[in-house]
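Asker: Here's a structure for you.
The values are calculated or read from the model by the stated rules, or taken from the named source; none is laboratory data. Owing to the predicted nature of the structure, the values given are computational and were not obtained by experimental measurement. For neighbour counting, all protein chains shown are included, and Cβ atoms are generated from backbone atoms with ideal geometry for every residue, glycine included. For accessibility, only protein heavy atoms count, side chains too; no ligands or nucleic acids. Shrake-Rupley method; radii C 1.70, N 1.55, O 1.52, S 1.80 Å.
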Amino acid sequence: MLDTWHDSIVQVGEFGLLSALAVGGGFWLLQKNRPGEQLNDMVIDRASVERGISQTEVIINQLAQEAANHPGLESLREQFAKLPLELDRREIQVAVTGGKSVGKSTVIQILKNVETLSTTSLQYTETAPLFAGVGKNSDAVTLSELQKYDFVLFLTKGDLTDSEFQVLQQLKAAKQSTLLVFNKQDQYQVDERATVLQSLKQRMQGNVVATAASPLPVKVRKYETDGSVQEWMEQPAADIQQLTQQFGEVLAQQGKQLVYTTTMRKVLLLKAEAKDCLNRVRCDLSTPIIEQNQWIAAAAAFANPIPALDILATAAINAQMVMDLGNIYQQKIFLEQAQQVAETMGSLMLKLGLVELSTRAVTGILKTNAVTFVAGGMVEGVSAAYLTRVAGLSLVQYFEQQEIALETGNGLNLEKLHQVLQTVFQQSQKLAVLEAFVKQGVKRLLPEAKAVEVVG
């Protein structure tokens, strides 16, 4: 995220840099905790899906309360209204996917006519060929589309390529029910097809079937009594017994579960989208608070230089900022709790060495210019502002991960706060970001135009 700003950092406004950092941090966390990953350890039944729907409704209602004119609110409500219908859906939606020329259309045509499968309402969809586009984006879009289906038949015509294997692993991580189909096995010799099938089963830990949906024509010769020979090409019958047997067993045993799992994926995606919208609204409110506190801390440290690292850490975050940010994110934090959080974060920054590292980095940047470096308290002032920003953004990112309206008394998870603090600090240590921030600090603390020009 931060690397992409290196060339455009100068164009970012004084407050825009901090806003982008805060919003970008939320987006990074959202991507890190994608719904597919959350499904791994979740028991999915009707009750759990209904709980997910209720939690999503709470977030959407909270967004409506805090930002009634939000441009995405109507779309969120429309998607939410469809979730109960999804939960009671009886039709099983099957995606048939794979690379080019693996026999997707033929497999669908044959499966539609299989009597043993007709007892279940099935809708087959042939996807666009995987890996047909250019670049990574084309594959990513296809993967998101596949997760909208209850079941995926993944066709291959040989041993898996690395790209195919990666897609299958991602589908597995998203708890997407998938059956790997080794189609066109008739194009291999008997010993070769056995080797390919064994390799596929080892890599996928089973859950693989071999088929020949449209076998190659076979030359047939007939010798007549008069000694003449007649030859013609004959089309063998499709060999899909393994596929229909295993697919039929899945439908019989897990039909309703497939629908629940798909619905839960859609619930979690919508929940994440709604929460991201809400967090962006709250981030817009949080940014001015962080900026105000960082410059207050800078001015205080600049006027009264305090070289002790522990004092600098304590000055970097105050209880009022903790309370103000907590109120925005609906975290009920009392003054005594806020004071404890401020002390804890100051202690964490010391233990992690963030105070020393940031002070050293600021000193190094300021040393490039004697005018600003010799100014009393400049290092302490800019360092105090920088640490305040890190602490504020860490709290914002921590609050973004919490459920809506966390009950009072649950307290903060210090381990999570520790991790977030480290992450934000690492993101903010990029040289371009630090240089831009030091320039802002000098401009604040030394308003003389000459000093600012020298730093620039």
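Asker: Could you tell me which residue out of Q246, L122, Y149 lies farthest along the dipole of region 114-260 toward its positive end? Charges go on the beta carbon: Lys and Arg +1, Asp and Glu -1, centred on the Cα centre.
Answerer: After comparing all options, I get Y149.
Asker: Quote the relative contact order of region 167-266 in percent (integer), defining contacts as alpha-carbon pairs under 8 Å separated by 6+ residues. Write out the running numbers ahead of the final one.
Answerer: Numbers: 102 pairs, mean separation 24.2, N = 100.
Rounded, it is 24 percent for region 167-266.
Asker: For region 174-234, what % of the accessible area comes from carbon and sulfur atoms, probe 1.4 Å?
Answerer: 47
Asker: Separate question: How would you order 437-446, 118-127 from highest to lowest mean count of nearby Cβ atoms within 10 Å?
Answerer: Ranking, from highest mean packing down: 437-446, 118-127.
Asker: Right, another one. Hey, can you rank 222-228, 150-156 by average C-beta count inside 10 Å, highest first? Intermediate results must be reported in sequence, preceding the final value.
Answerer: Numbers: 222-228: 7.1, 150-156: 23.7.
Ranked from most to least packed, the peptides come out as 150-156, 222-228.
Asker: Rolling a 1.4 angstrom probe over the protein chains, ignoring ligands and nucleic acids, what is the accessible area of M233 in square angstrom, nearest 10?
Answerer: So the heavy atoms of M233 present about 110 Å² to solvent.
Asker: Where does each of 242-253, 262-273, 350-361 land if you order them by average Cβ count within 10 Å, highest first?
Answerer: Values: 242-253: 15.6, 262-273: 22.0, 350-361: 17.2.
By packing density, highest mean first, the sequence is 262-273, 350-361, 242-253.
Asker: I've got another one for you. Once you list every other residue whose beta carbon is under 9 Å from the beta carbon of A95, what net charge do they have if Lys and Arg are +1 and Asp and Glu are -1?
Answerer: After counting each charged neighbour, the total is -2.
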